[in-house]
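Below: one structure, written as structure tokens.
Each value in this text was obtained by applying a stated rule to the coordinates, not by laboratory testing. Only a predicted model underlies this, so the values are computations on that prediction, with no experimental measurement involved. Neighbour counts are summed over all protein chains in view; Cβ atoms, including those assigned to glycine, are modelled from backbone coordinates with ideal geometry.
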Amino acid sequence: MFRSALRLRSSRVLLVRGLGTRRGGSTLDWDEKVSDIKKKIGSILPGETWAPLYDTRHLPPEHSDVVIVGGGVLGLSVAFWLKKLQKKRDGIRVLVVERDHTYSKASTVLSVGGIRQQFSLPENVQLSLFSVNFLRNINEYLAVVDSPPLDLQFNPSGYLLLASEQGAANLENNVKMQRQEGAKVGLMSPQQLQNKFPWMNVKGVALASYGMEDEGWFDPWSLLQGLRRKVQSMGVLFCQGEVTRFTTSSNSMVTSSGEEVVLKRIYEVHVKMNNSLEYQPVECAIVINAAGAWSGQIAELAGIGKGPPGTLKGTKLPVEPRKRYVYVWHCPQGPGLEMPFVADTNGVYFRREGLGNNYLGGLSPTEEEEPDPINLDVDHDFFQDKVWPHLGRRVPAFQSLKVQNAWAGYYDYNTFDQNGVVGPHPLVVNMYFATGFSGHGLQHAPAVGRAVAEMVLEGHFQTIDMSPFLFSRFHLGEKVQEDNIF
Amino acid sequence: MAAPRSFLCRLALAYNGSSRGMHGLSGAVPPEGNQRKRRTLLQFLSDHFYDVEALRLYLLQRKMSKVHQENRFQDHEWIRPNKRGHFSGEFLKLLTVPVQAVDASGCAINYDGLDNLLPLKELQSLSLQHCPHVDDWCLSRLYPLAGSLQELSLSGCPQISERGLACLHHLQNLRRLDISNLPAVSYPGLTRILVEEMLPNCEVLGMDEAQGLLGPEEQLQTASPNPA
């Protein structure tokens, strides 16, 4: 009886349709109604969110074990290692909150993409060594069923660091330390440099260090997409939103010397949707601050740095955004395929890009010349005044070049010692940092992700000891200065 | 009873399927059109059941790491001193004879397997033709052979691109370089010219001009004599 009524109704619709369209009457779209009803029934079944009043699919879940603030390469690396090192399958629920899914301002994708082992700190060398191992075996780590293998477009051309008379002794010590750690780096005299790279003008160079293997540059976007794809297949949830508030609970304790210490735990993260006032409080156990250039703001939300200056409570996270420019130019008589990533004595760096005699490079401005990080507009005069003269001096062919393109990106600059911050905060006990790498975050991302995951899951660093990078060094004043920053 | 069991199965299916709905919605890269068309039963099952998905992932990981295990064993066997590709029972007597040529064509040698080749300080000729696992990373490891290597053949290796060829500049004694039939190299003609400029004393074979994209400017750029 019901079926016949249906048939009758549909036939009536067919009859009415011819006249109804003129009057603009609504037609009975039975197929759409059926699929709506099916969706509603499907949402009642267990596992689906029952949201009878409005659509909540864009909101993050109400509970998550770990909330990672920031979906760049460091955040995704932490998510990957958390899922990889978990003891039970689906044992840990991870949520990655990323404000901008196009990554238009993210430091990862605006990066020049270099990876090197030539650092002045042994821990940094070890981080790079593991990361390059990760990149080499990327298809073992990030294999996803039914997806094509990743091609990172790695150029194994090595880094060439030049040193003047003053920096020569330092360079030699660094190279000795790097070789002890296992990096394949060699020293070159100015004569050897001139023979090997005839396009270079070696005036002012006393010594140079050249990475023979495991150094070069790659495409950060493919690494990011590869990580994203793998991490989603492992069950990590993504949410497009902004973290606006941390709700904390405090616990007051007294130290052995009678001092009162207030320890805080974040138990809720408010994630606000873009272009709306809607927010979702996500109950969480651990928060990981991988927000890159904006980590300082996230730390302030958690109350880090709100206290009398000089105390642990009043120590802010000294990470702030710094704008850096990258310029792409074309020089038809420039160096050929053998050109490594050259970093000059004064900090100017440049490398080959592609096969068409295009090169890219830049320079980190001095403290006085720091541009305003309010937006990512490019200052072309900076290239004319500060970068080009040095380029022309070092590589005479670069005296005639034509700038094709330029962009700006942020460094998550650690104003204290230009090195990363990794590990938990001493007072806000469940906020872990993975930020502040000041321009070498991309090349350390796989290793740092693993270190943070070990800290979260085991409670201590297992493979590489990153205890010099803990937050407490800001209060104690112990700098771990990294000299080779460009 | 058949009826309740099938109902439970359907319920479990729907439960698995719907709880994966969140993954599907937030998927970053949608499957390509042709993959979707060829959706097999296996893919359908692994979408709906966690266990099938885990099994497929395990098999994929096994396949990826199998390369390394196979290679180490294989390398141990043939790396004993021998002349050009000839296996002989007396190679144990030739332990002190320096190896001059190694022919590894078609072998499953990879990055770690090259550990066995690099200590050969007198190696003059190396042939890595049609090696499926030799990629740019492997080429960056060849610099210790720079003192003696005169002939290198990389033809037919599917994973070598122009980025790996760029790190052959260490091999200054190279006289013959065979880079024909490299499918992963984009712009073969231009790459050949750049490699010839990089290694002025070397004869570069392969990547004929007919294949590549040569304009008049690039032809003028060729400083070294072109033997072909």
What do you get for the angle between helix A:220-233 and the principal long axis of chain A? Use alpha-carbon atoms, 0 to 90 degrees, nearest ten. 40
If I fit a long axis through the Cα atoms of helix A:2-23 and take the longest principal axis of the Cα atoms of chain A, what angle between them do I get, 0 to 90°, rounded to 10? 70
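Give the peptides A:290-303, A:437-450 in descending order of average Cβ contacts within 10 Å, highest first. Intermediate values should be presented prior to the final figure.
On the way: A:290-303: 22.6, A:437-450: 26.1.
Going by the mean number of other Cβ atoms within 10 Å, highest first, we get A:437-450, A:290-303.
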Sort the stretch A:397-481 into rounded, prolate or oblate with this rule: let a ≥ b ≥ c be the square roots of the eigenvalues of the Cα gyration tensor; rounded if a/c is under 1.5, and if a/c is not under 1.5, prolate when a/b is larger than b/c, oblate otherwise. prolate
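Rounded to the nearest 20 Debye, what is the dipole magnitude of the stretch A:64-103 about its Cα centre when Lys and Arg each give +1 and Asp and Glu each give -1 at the C-beta?
Values: 7 positive and 4 negative charges, 63 e Å.
Taking the Cα centre of the stretch A:64-103 as origin, the dipole is about 300 debye.
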Least to most buried among A:233, A:164, by other C-beta atoms within 10 Å and fewest first, runs A:164, A:233
If you consider only alpha-carbon coordinates, what radius of gyration and Dmax does chain A have, in Å? 27.3, 98
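Show me A:33-45, A:250-262, B:101-113 ranked by packing, highest mean number of other Cβ atoms within 10 Å first. Provide the component values of the computation, followed by the final result.
Working: A:33-45: 11.3, A:250-262: 8.8, B:101-113: 18.8.
Highest-to-lowest ranking by the protection proxy: B:101-113, A:33-45, A:250-262.
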What helix-only [θ] at 222 nm does chain A give? Using -39500 (n - 2.57) per DSSP H run of at least 4, over all residues, to the nearest 500, the answer is -9000 deg cm²/dmol
How would you rank A:69-79, A:395-405, highest first, on the average number of other Cβ atoms within 10 Å across their residues? A:69-79, A:395-405
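Just counting partner chain Cβ atoms within 10 Å, what average do the residues of peptide A:157-166 show around their Cβ?
Details: counts 6, 5, 0, 0, 0, 0, 0, 0, 0, 0.
The per-residue average across the peptide is 1.
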Need one number for the stretch A:70-179: average projected area of the convex hull over its C-alpha atoms, nm². 9.9
Which lysines have a Cα less than 27 Å from the Cα of residue A:88, not counting those fewer than 8 places away in the same chain? A:230, B:63, B:66
So how tilted is helix A:122-136 from the main axis of chain A? Cα-based, degrees 0 to 90, rounded to 10. 50
Which of the lysines could a cross-linker span from residue A:386 if the Cα-Cα distance has to be under 28 Å and same-chain partners fewer than 8 positions apart are dropped? A:105, A:196, A:203, A:323, A:402
Please compute, for peptide A:334-345, the average count of beta-carbon atoms on other protein chains lying within 10 Å of each residue's beta-carbon. 3
If you take each beta carbon of peptide B:166-173 and count the beta carbons of other chains within 10 angstrom, what is the mean? 5
The residues A:394, B:175, sorted from fewest to most surrounding Cβ atoms within 10 Å, come out as B:175, A:394
Mind checking which of A:399, A:459, A:382 is farthest towards the positive end of the stretch A:353-464's charge dipole, using Cβ charges of +1 (Lys, Arg) and -1 (Asp, Glu) about the Cα centre? A:399
